[in-house]
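Before any comments, here is the structure.
FYI, it's all coordinate maths here, none of it is from the lab. None of these values were measured; they are calculated from a predicted model. Here Cβ is always computed from backbone atoms with ideal geometry, including for glycine, and neighbour counts include all displayed protein chains.
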């Protein structure tokens, strides 16, 4: 299967893909599982993480194909050795772009990662890996030589990125939590550095597809396209205020907000005291209780309450942030015309 891959194929080294999703599988040229160094047939995703990576890249890369290498189990567990085996497995293929939205903090594998990634670079391949989501800089292979390490910023637009090849982690792209197709045609919030890495993989694929240049020239292309080339780690602001800005509350009809509050009250089983918090705090505030899992149920109830159809692929964390952002979501999701206040 690997010898039939084309240059427009992205290798996804992750937890596999939902092989029962026919839309996703139309773009998959093949795949394997690598477990304890052994190459096995099949690559069904038991976790959903790999499926969400492919779903994210597909939004930005309409012409890409994928080769799937499953190295993580249903609990997102795997070994550094299997990741290295996966990189070796595609070393001689035509694949140019390799996505690893995963990492290990085990320094034991650093030298092996740098060796194989150096060989991959010599073969004209680009390895893109996410930093882990902790504050530690011990993240491999993202901090290794010959790898583009990716960090996430939730306030960065999805079509923009920062890049500096002299930094330990060279790229920053959007990590804003967004509903993404996962297992069994269900949508789940996808966020963090893994999501940022998937988006940046799509950015690089599009750069390679748009311009006629060798993959070894990618550094200069990315520097030119980046919206920012210098930053401090502290400037990547991922902090969220739990209180609602006053500006959001101005000139809003109370009728539509009351209907939204009623739905939230039912879904989150709020008592009257907690309902009062809806005017002051974001819905992800712990005393209110919205989270990445129950927000799907909330959106489903809003669809029924307002007779609308929400495009889940366009829904981000910020659309679900407050009763005011939900009001905007309801308006733009009407079948034929925006929901009218009053």
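Kindly work out what percent of the DSSP beta bridges joining two residues of the chain are antiparallel, to the nearest 5.
The antiparallel proportion sits near 30 percent.
Note on region 134-224: Kirkwood hydrodynamic radius from all Cα pairs is 14.1 Å, rounded to one decimal.
Using the count of nearby Cβ atoms within 10 Å as a rough guide to exposure, how do 27, 61, 197 rank from fewest to most? Before the final figure, lay out each step's value.
Working: 27 18, 61 22, 197 31.
Fewest-to-most Cβ neighbours within 10 Å comes out as 27, 61, 197.
Seen against the Cα atoms of the chain and their longest principal axis, helix 110-122 is set at about 80 degrees.
With a cut-off of 19 Å on the backbone N, the residues of region 218-242 near the modelled label site 7 Å out from residue 287 along Cα-Cβ are 240-242. Between residue 232 and residue 76, the contour length at 0.36 nm per residue exceeds the alpha carbon distance by 53.1 nm. A Gaussian network model of the chain, with springs between Cα atoms under 10 Å, assigns the largest mean-square fluctuation among 199, 323, 17 to 323. Could you give the angle, 0 to 90 degrees to the nearest 10, between helix 192-210's Cα long axis and the longest principal axis of the Cα atoms of the chain? Long axis of 192-210 versus the principal axis of the chain: about 60 degrees. Relative to the longest principal axis of the Cα atoms of the chain, helix 254-268 runs at roughly 60 degrees. Normalised size of the chain, defined as Cα radius of gyration per 2.2 N^0.38 Å with N residues, equals 1.06. Per residue, the convex hull spanned by the Cα atoms of region 246-332 measures out at 92 cubic angstrom. Of 45, 14, 245, the residue with the greatest mean-square motion in the GNM of the chain, using alpha carbon springs below 10 Å, is 245.
Per residue, the chain reaches -9500 deg cm²/dmol at 222 nm when only DSSP H runs of four or more residues are counted, each adding -39500 (n - 2.57).
Given a cut-off of under 8 Å on Cα pairs at least six residues apart, what relative contact order in percent is computed for region 2-235? Let's see the in-between values first.
Values: 531 pairs, mean separation 45.9, N = 234.
Once divided by the residue count of region 2-235, the mean separation gives 20 percent.
Approximating the spin labels as points 7 Å out from Cα along Cα→Cβ, the residue 39-to-residue 133 distance works out to 3.3 nm. Extending 7 Å from the Cα toward the beta-carbon at both residue 26 and residue 160 defines two label points whose distance is 3.3 nm. Of 270, 179, 24, the residue with the greatest mean-square motion in the GNM of the chain, using alpha carbon springs below 10 Å, is 270.
Here, region 167-278 yields an orientationally averaged convex hull projection of 12.0 nm² when only Cα atoms define the hull.
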